[in-house]
Amino acid sequence: MFNHIPYPRQAILVTCQAEIDNMGKTIDKKNIITLSWHMPVSYDPPMYAIAVAKKRLSYEMIKRSEVFCVNFLPYKLKDKVLFCGRNSGSAKDKFRETGLTAVECEKIHCPRIKEAEAYLECQVSDMVEAGDHMIIIGEILKADEKRKGKRIFHLGGDSFTTTE
Ligand SMILES: Cc1cc2nc3c(=O)[nH]c(=O)nc-3n(C[C@H](O)[C@H](O)[C@H](O)COP(=O)(O)O)c2cc1C
């Protein structure tokens, strides 16, 4: 496997909201997914790309709502980031279980995470199939940096590090 080679990579939380089927009932769900595979892709217009496996609930939700928010968390919250990357929203309410606070985004109908250092509100502009993942490209409608603290970098597996 190649996949330890491009690490460490910043681990982020992407938030989304959509109507999903839950045991035969339609519910309006807010969800969180941890991602290490993501990058900025355009200045004008500003765009950000995330790689989400096709089998993830979050992929289905973003496909449906066509919006997502990229949240950059502080290093002290790395255990919550790991939790969101090891548990699916199909079985858990990750906002409730992590205690992270959902705040409505300004430009899109989607939650963001109050505890984030910075966030990007994105409207999906394209989706490109790449093997077992989809590269979801979003136009950034709002970018905000609240703090400039230390971020979380994924080393692989359950390990993280941060900057000096
Ligand atoms: C540190 C870390 C990084 C991850 N990076 C990605 C990623 O870039 N793309 C992806 O599809 N899944 C990634 N995952 C896995 C998803 O976060 C995980 O499958 C999650 O439970 C999916 O949630 P959902 O089913 O609620 O969408 C990562 C997991 C961890 C712990």
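So here's what we get for this one:
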| quantity | calculated |
| --- | --- |
| From the options Ile140, Ile108, Ile152, Ile113, residue that is under 13 Å from the mean Cα position of the chain (by Cα) and not charged (D, E, K, R) | Ile113 |
| Number of positions in segment 131-148 that are part of a loop (DSSP other than H, G, I, E, B), at pLDDT 95 or above and on the phi < 0 side of the Ramachandran plot | 1 |
| Tally, over segment 23-43, of residues that are more than 13 Å from the ligand (Cβ to nearest atom), open to solvent by 50 Å² or more (accessible area, probe 1.4 Å) and not acidic (Asp, Glu) | 8 |
| Single match in Glu60, Glu66 (criterion: within 11 Å of the ligand (Cβ to nearest atom) and closer than 15 Å to Ile136 by Cβ) | Glu60 |
| Filter result for the condition that a residue is under 15 Å from Ile32 (Cβ atoms) and either assigned to a strand (DSSP E or B) or under 14 Å from the mean Cα position of the chain (by Cα) (or both), over Val128, Val103, Val124 | Val103 |
| Selection count, segment 112-164, where residues are touching a residue at least 60 places away in the same chain (Cβ under 8 Å), touching a Lys or Arg at 6+ places or on another chain (Cβ under 7 Å) and open to solvent by 60 Å² or more (accessible area, probe 1.4 Å) | 1 |
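The values are calculated or read from the model by the stated rules, or taken from the named source; none is laboratory data. Note that this is a predicted model, so its numbers are computed, not measured. Virtual Cβ from ideal backbone geometry, glycine too; neighbours counted across all protein chains shown. The accessibility values were calculated without ligands, DNA or RNA, using every heavy atom of the protein model including side chains. Shrake-Rupley method; radii C 1.70, N 1.55, O 1.52, S 1.80 Å.
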